[in-house]
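Beneath this line is the structure, given in C-alpha cells, with notes to follow.
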Amino acid sequence: MSNLTFIGTENWLGLLSMILITFCFYFSLTFFQYIKLGDERLIKQSKLAAVYCLALALLIPALYSLYISMK
C-alpha cells in the first residue's frame, strides 16, 4: 500500500535536488555579480552557498540510492 502514494520519496528527493540546483545557479550568478562589484565578503558567501547547494543536490539522491540498495 505504501507504493501507491501520490508522490513518493524518490519524487520528493528529485524535487529537492532540482530546487537545490536552482539555488546553486542563483548563487553562482550572484557570485559573478559580486566579483564585478568587488565586495569580498559577499563573494565568499555566495561562493560557499553555491558549492553547498550543488554538493547537497548531488549527494542526497546518491545517498538515498545507496540506502535503498543496502535495504
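All of the numbers you see were taken from the coordinates with simple rules; none came from a lab. Note that the structure is a prediction, hence the values are computed from the model and not measured. Counting neighbours? That spans all protein chains shown, and the Cβs are built from the backbone with ideal geometry, glycine included.
Observations on the structure shown:
- With q set to 0.20 Å⁻¹, the log10 of I(q)/I(0) for the chain, from the Debye formula over equal scatterers at the Cα positions, is -0.80.
- Dipole magnitude of the chain, debye to nearest 20 (Cβ charges: Lys/Arg +1, Asp/Glu -1, about Cα centre): 140 debye
- For the chain, the longest principal axis of the C-alpha atoms and the axis of helix 40-70 are separated by about 10°.
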